[in-house]
Amino acid sequence: MIDNDRLNHSLAVAKKMVEIGKEYNLNDNELQDLFVLGFNHDIGYENGNNFNHGHIGGEILKRNNYKYWKEIYYHGDVNTEYTSLFLEILNKADM
């Protein structure tokens, strides 16, 4: 379940992602995408837990044609072969 602590965490991650994105000199659209990604990265907690929330959230967003569903699906997964700049930034911000 997503509670106020999880919402506050998601907002903090979103803000941190923008901060990191600025260090990479990303443009305004990319920074906005990072914020949305960060805010939604734990959406899977609504139907999952600490172990499966990324996959659940990624699947939900994949069904909704969200561009960065893989970043949510694979965040926090140290064994994944999938890589992207946005996943790297998400994992840094989520620490």
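The values are calculated or read from the model by the stated rules, or taken from the named source; none is laboratory data. On a predicted model such as this, the values are computed, not experimentally measured, just so you know. For neighbour counting, all protein chains shown are included, and Cβ atoms are generated from backbone atoms with ideal geometry for every residue, glycine included. These accessible areas exclude ligands, DNA and RNA; they are computed on the full protein's heavy atoms, side chains included. Shrake-Rupley method; radii C 1.70, N 1.55, O 1.52, S 1.80 Å.
When the GluC sites (Glu not before Pro) in the range 1-68 are filtered for DSSP coil states and for at most 13 other beta-carbon atoms within 10 Å of their beta-carbon, no site remains.
Between Asn25 and Ser84, what is the FRET efficiency for a Förster distance of 22 Å, r being their Cβ-Cβ separation, to the nearest 0.05?
Values: r = 17 Å, r/R0 = 0.76.
In this case the efficiency is close to 0.85.
Relative to the dominant Cα principal axis of the chain, helix 28-40 is inclined by about 20°.
Between the helical axis of 53-63 and the longest alpha-carbon principal axis of the chain there is an angle of about 80 degrees. Could you work out the pair-distance distribution P(r) of the chain from its alpha-carbon pairs, with 10 angstrom bin width and percents rounded to whole numbers? Over the chain, the share of Cα pairs per 10 Å bin runs 18, 53, 27, 2 percent. Ranking Phe86, Phe39 from most to least accessible surface, computed with a 1.4 Å probe over the protein chains only, gives Phe39, Phe86.
Distances longer than 19 Å among the Cα atoms of the range 19-75: what percent of all pairs is that? Across the range 19-75, Cα pairs with separations above 19 Å total 31 percent. Ellipticity at 222 nm from helices only: DSSP H runs of n ≥ 4 in the chain, each -39500 (n - 2.57), divided by the residue count, give -19000 deg cm²/dmol. Surface composition of the range 1-89: carbon and sulfur make up 48 percent of the accessible area, probe 1.4 Å.
Percent relative contact order of the chain, based on C-alpha pairs within less than 8 angstrom and at least six residues apart? Intermediate results must be reported in sequence, preceding the final value.
Values: 115 pairs, mean separation 25.3, N = 95.
So the answer I get is 27 percent.
On average, how much accessible surface per residue is there in the chain, in Å², for a 1.4 Å probe, leaving out ligands, DNA and RNA?
Working: 5940 Å² over 95 residues.
For the chain, the solvent-accessible area averages 63 Å² per residue.
Straight-line cross-link reach from Lys92 at under 19 Å between alpha-carbon atoms covers these lysines, not counting any fewer than eight positions away in the same chain: Lys15, Lys16, Lys22, Lys70. The angle between the Cα long axis of helix 4-23 and the longest principal axis of the Cα atoms of the chain comes to about 30 degrees, rounded to the nearest 10.
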